[in-house]
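For reference, the structure is listed below as structure tokens.
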């Protein structure tokens, strides 16, 4: 059981605690969470990320959209939102994502051929991690990284190592007081490893941003027009400095890889273990798209059950089990006065499993998210995996595109079945909410 969910049972839906010296008020109530988020100003303040800022000051690096606050955050969001915030803007990336999905399917066929039953892919999260990284990089850097190749390039492997190191250090470094400066001479390793991981992430992004900048300069020197995606747009418009572009490319890739891969892994696990639900989704895909159509973003609305699978997966296994806010005004929540400047923890995992908000909350029921008519909306602050309002996840549409298109094509080609090797898999927190054990899935060819 996730820690805050346990605390909710013991202390109620609003309680105070400490993370090291950091005082935190935790909220595990849908309506109080809605009240907090609806009271936000134009530039909401997230959780204390002092360690991230300290690293950037130490290395002379800029903050990015995840770590920035205030006016700087507003300016960055305004520049980035033009290319990745709206569904119609993200739709242009369908072709590149589908190319990556084609490689993903080939990789599945290769991996399962190496197993005795000719169907099982062991530890699907490793595979989906590579798909997610390749897909996000295709959009962010406008290039392929070779994650799904037999021999993954050294540069890409070094980035993966830095990313894994970052998440292994996540709990230790998330809050400013977790590694007090006076204590570092006595236990230097955590802070050194934290800095080393960020060095690797920034180095990787800088290599790819500089490559694109050289390409653009070459085109301009020949008097050619520049056509491209997000990175090209940012470099040409010069709305952000080069350091700010490095920072945002680094933070968006960091935010987009594990989040997508964990969600796809959980979706495969849930579909494999709920064959009737999987059959209903496949039937809708077959009726509305057919078996051989390679879908684009425009086709996704024709398969509302696919979108419902994603929503239900994220309700049961929200990648971010909680979210942080610092109150910008005094608030009264649940009869308690919460002073301005208080660190809040919004406990989304707890509310996702609350029977008051979700009937049969432990069950996988994608249909709960389907609209009953054109005027019907299925909103529920009990499950808001991408956040809410102006500080919601800016990469939401990219993640949804990658997951929706992948699920459609995987279900067109394979029936996903549980593997005898996989026992019940429970979630664990590792900065993010991730599978507590390997997920093995059988991919059986559709007839």
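The values are calculated or read from the model by the stated rules, or taken from the named source; none is laboratory data. Treat the numbers as computed from the prediction; the structure is a model and nothing was measured. Cβ atoms come from the backbone with ideal geometry, glycine included; neighbour counts cover every protein chain shown.
Answer with yes or no whether residue 432 is touching a helix residue (DSSP H, G or I) at 6+ places or on another chain (Cβ under 8 Å), surrounded by 15 or more Cβ atoms within 10 Å (Cβ to Cβ), within 30 Å of residue 324 (Cα to Cα) and in the same structural domain as residue 78 (by TED's automatic domain parsing). Judged against the criteria, residue 432 is a match.
Screening residue 284 with (1) part of a helix (DSSP H, G or I); (2) in contact (Cβ under 8 Å) with a residue 40 or more places away in the chain gives one miss only, at (2). Scanning the stretch 64-74 for residues that are surrounded by fewer than 17 Cβ atoms within 10 Å (Cβ to Cβ) and either in contact with a helix residue (DSSP H, G or I) (Cβ under 8 Å, 6 or more places away or on another chain) or in a loop (DSSP other than H, G, I, E, B) (or both) yields a count of 1.
Screening the stretch 425-447 for residues that are modelled with pLDDT under 90 and part of a loop (DSSP other than H, G, I, E, B) and picking the one that is farthest from the chain's Cα centre (by Cα) gives 447.
Within the set 277, 267, the sole residue that is crowded, with 21+ Cβ neighbours inside 10 Å, in a helix (DSSP H, G or I) and assigned by TED's automatic domain parsing to the domain that holds residue 423 turns out to be 267. Just one of the listed residues (107, 61, 56, 77) is within 30 Å of residue 124 (Cβ to Cβ) and surrounded by 14 or more Cβ atoms within 10 Å (Cβ to Cβ), and it is 107. When restricted to residues that are buried (at least 16 other Cβ atoms within 10 Å of the Cβ) and part of a loop (DSSP other than H, G, I, E, B), the stretch 205-232 contains 1. Among all residues of the stretch 400-410, there is none that is touching a helix residue (DSSP H, G or I) at 6+ places or on another chain (Cβ under 9 Å) and surrounded by fewer than 19 Cβ atoms within 10 Å (Cβ to Cβ). Summed over the stretch 148-186, the residues that are modelled with pLDDT of 75 or more, in contact with a helix residue (DSSP H, G or I) (Cβ under 6 Å, 6 or more places away or on another chain) and farther than 30 Å from residue 97 by Cα give a count of 1.
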